[in-house]
Amino acid sequence: MNGILESTLKTLQKSEHLLSNLDDASLSNVSVSPYYSSIGSHLRHILDFYDCILNPDEHNKIDLTARKRNKDVETCCEQASNYLNHIMAALKQRGTDLERQVIVIDDLGMGTIEMPYTYAALFAQANSHTIHHYAIINYILDRLGIIFNDSVFGYNPTTPRASSLN
């Protein structure tokens, strides 16, 4: 399997571990300021991003603004786990032709635009995007007093560790 897809699956496996340590109330808790988002909303967003990538339209365009936004995934650990397993299975079945061109549609703040990508670049972006959302989830976990034993959850692999900063 391609290294990009292997990295993606390794990153997403952290969601499996996370979901196995949460209940529905913790998944859907929106009490943490300043954004009042839930762990579930971030997980759903991550999985929707991958779902878009895995389902281009008939013109080989991927619209990242056309996410499913299934609220059940945000509030039910079982639904979130099922969605995660579906995405991971699709990634495992994915071919390795990651240099293939694709048109990505996204809204960068001024309306939707179309951009040329390769699948490799898009999966690399999705992996970084996932790690970014894990950092937000880690903040929510901390504020909710939920201990999650993963010292690198939400850290980009290139982030220097505190001990190596001086």
Considering the stretch 106-144, residues that are more than 22 Å from residue 60 (Cα to Cα) and hydrophobic (A, V, I, L, M, F, W, C), and then whichever is surrounded by the fewest Cβ atoms within 10 Å (Cβ to Cβ), we arrive at 110
Which residues, taken from the stretch 146-157, are more than 18 Å from residue 12 (Cα to Cα) and either open to solvent by 60 Å² or more (accessible area, probe 1.4 Å) or in contact with a Pro (Cβ under 8 Å, 6 or more places away or on another chain) (or both)? 147
When the stretch 69-78 is examined, which residues are found to be under 23 Å from residue 131 (Cβ atoms) and crowded, with 16+ Cβ neighbours inside 10 Å? 70, 73, 74, 77
Please go through the stretch 94-109 and give me each residue that is of a type in the set (A, V, I, L, M, F, W, C) and either touching a Lys or Arg at 6+ places or on another chain (Cβ under 9 Å) or in contact (Cβ under 8 Å) with a residue 40 or more places away in the chain (or both), ordered by number. 98, 102, 103, 104, 105
Restricting the stretch 32-61 to residues that are part of a helix (DSSP H, G or I) and touching a residue at least 60 places away in the same chain (Cβ under 8 Å), the one nearest to residue 80 (Cα to Cα) turns out to be 43
When you scan the stretch 16-34, do you find a residue that is more than 16 Å from residue 106 (Cβ to Cβ), modelled with pLDDT of 95 or more, open to solvent by less than 60 Å² (accessible area, probe 1.4 Å) and under 12 Å from the mean Cα position of the chain (by Cα), even just one? no
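Just to verify a result, which residue in the stretch 21-31, among those that are part of a helix (DSSP H, G or I) and in contact (Cβ under 8 Å) with a residue 24 or more places away in the chain, is nearest to residue 134 (Cα to Cα)? Let's see the steps before the verdict.
Going through the stretch 21-31, the residues part of a helix (DSSP H, G or I) turn out to be 24-28.
Now drop any that are not in contact (Cβ under 8 Å) with a residue 24 or more places away in the chain, which leaves 24, 26-28.
Working: 24: 18, 26: 15, 27: 13, 28: 15 Å.
The extreme case among them is 27.
Condition (residue is open to solvent by less than 60 Å² (accessible area, probe 1.4 Å) and farther than 15 Å from residue 40 by Cα) applied to the stretch 79-88: is it met by at least one residue? First the steps, then the outcome.
Initially, the stretch 79-88 is screened for residues open to solvent by less than 60 Å² (accessible area, probe 1.4 Å), giving 80-81, 83-84, 87-88.
Keeping just the survivors that are farther than 15 Å from residue 40 by Cα gives 87-88.
Taking every residue of the stretch 79-88 in turn, at least one turns out to be open to solvent by less than 60 Å² (accessible area, probe 1.4 Å) and farther than 15 Å from residue 40 by Cα.
Report the residue count in the stretch 90-105 for those that are open to solvent by less than 50 Å² (accessible area, probe 1.4 Å) and either among the hydrophobic types (A, V, I, L, M, F, W, C) or under 25 Å from residue 159 (Cβ atoms) (or both).
6
Looking only at residues that are in a loop (DSSP other than H, G, I, E, B) and without any contact (Cβ under 8 Å) to a residue 24 or more places away in the chain in the stretch 110-149, which one is farthest from residue 100 (Cα to Cα)?
So the residue we want is 145.
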Filter the stretch 35-68 for residues that are over 13 Å from the mean Cα position of the chain (by Cα) and of a type in the set (D, E, K, R); the one that is surrounded by the fewest Cβ atoms within 10 Å (Cβ to Cβ) is 58
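The values are calculated or read from the model by the stated rules, or taken from the named source; none is laboratory data. Just so it is clear, the structure is predicted and the values come from calculations on it, not from any experiment. All Cβ positions, even for glycine, are placed from backbone atoms using ideal geometry, and neighbour counts span all protein chains on display. Areas reflect the complete protein model, heavy atoms only, side chains present, ligands, DNA and RNA absent. Shrake-Rupley method; radii C 1.70, N 1.55, O 1.52, S 1.80 Å.
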